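The values are calculated or read from the model by the stated rules, or taken from the named source; none is laboratory data. Since this is a predicted model, take the numbers as computed values, not measurements. Ideal geometry is used to build each Cβ from the backbone, glycine not excepted, and the neighbour counts take in all protein chains shown. What goes into the accessible areas is simple: the full protein's heavy atoms, side chains included, and nothing from ligands, DNA or RNA. Shrake-Rupley method; radii C 1.70, N 1.55, O 1.52, S 1.80 Å.
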Amino acid sequence: MARTKTSKAWMHEHVTDQFVQRAKAEGWRSRAAFKLMEIDEKDKLLKPGEIVVDLGAAPGGWSQVAGRRIGDHGRVFAIDLLEMGGLPGVDFLQGDFRDEEVLHRFEAMVGDRPVSLVLSDMAPNISGIPTSDQARSIYLCELAMDFAKTHLKPDGAFLVKVFQGEGFDDFLRAMRESFQTVVTRKPKSSRDRSAELYLLGRRPRRS
């Protein structure tokens with residue numbers, strides 16, 4: 001099938017993107033690695049020896065960064081429906097984090113170790129219908145937030161990618177109701193034209 005002008009333009013932008021080129025040169029699995037690095041440098045999320053969960057982890061850009069920064073005494077638990085190649089310091093669990101079986105396997109792997117940070121850089125498969133795609137994106141954010149509230153330790157943190165649009169204000173309100181502090185981040189490595197933002201919630205409120 002011939003590529004459309006839009007797909008050709010996207011491919012050109014992708015291959016010439018400075019962060020795509022840097023990721024390839026420096027051995028990072030995706031350009032998204034730079035987003036997490038920039039946020040971490042500002043907010044000091046990844047600390048040696050801690051337990052981190054990466055939801056929707058494939059291809060592993062965020063897990064790769066987290067694994068390096070928490071060191072040998074920490075652990076990253078990466079969960080995704082898609083396969084993901086192995087990474088040092090990362091335990092990968094393939095499946096849907098909403099499924100009871102997957103949750104039980106995750107909880108067995110973590111044991112009694114407290115979870116310090118839950119990451120979610122998830123986005124739905126794009127259908128091309130903006131209202132539908134936005135609704136599915138917000139739904140993923142809500143699921144990730146519920147997971148974080150359940151598993152984080154009292155002073156833990158939750159970092160999630162959210163697209164601005166319908167439902168964003170409601171989700172932001174829910175974040176503020178669920179965490180004691182919530183801040184917005186827009187990394188330099190996030191494309192200017194992208195509607196994506198990152199919300200960082202700290203210290204989950206216990207009902």
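Residue count for the range 184-207 satisfying the condition of being in a strand (DSSP E or B), of a type in the set (Lys, Arg) and over 14 Å from Ile39 (Cβ atoms): 1.
Yes/no per residue for (1) closer than 17 Å to Asp43 by Cβ; (2) part of a strand (DSSP E or B):
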residue: Ala148; (1), (2): yes, no
residue: Asp170; (1), (2): no, no
residue: Arg173; (1), (2): no, no
residue: Val182; (1), (2): yes, yes
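Taken as a whole, the condition of being in contact with a Leu (Cβ under 7 Å, 6 or more places away or on another chain), assigned to a helix (DSSP H, G or I) and buried (at least 20 other Cβ atoms within 10 Å of the Cβ) does not apply to Val52.
None of Ala57, Ala23, Ala66, Ala32 is out of contact with any His (no Cβ under 8 Å at 6 or more places or on another chain), modelled with pLDDT under 95 and closer than 16 Å to Leu159 by Cα except Ala32. Of the numbered criteria (1) free of Cβ contacts under 8 Å to residues at least 40 places away in the same chain; (2) surrounded by fewer than 16 Cβ atoms within 10 Å (Cβ to Cβ), the one Asp155 fails is (1). Going residue by residue through the range 41-52, is there one that turns out to be among the hydrophobic types (A, V, I, L, M, F, W, C), under 12 Å from the mean Cα position of the chain (by Cα) and modelled with pLDDT of 95 or more? Yes, there is a match, as at least one residue in the range 41-52 is among the hydrophobic types (A, V, I, L, M, F, W, C), under 12 Å from the mean Cα position of the chain (by Cα) and modelled with pLDDT of 95 or more.
Reported count of residues in the range 129-138, each being touching a helix residue (DSSP H, G or I) at 6+ places or on another chain (Cβ under 9 Å) and open to solvent by 80 Å² or more (accessible area, probe 1.4 Å), is 0.
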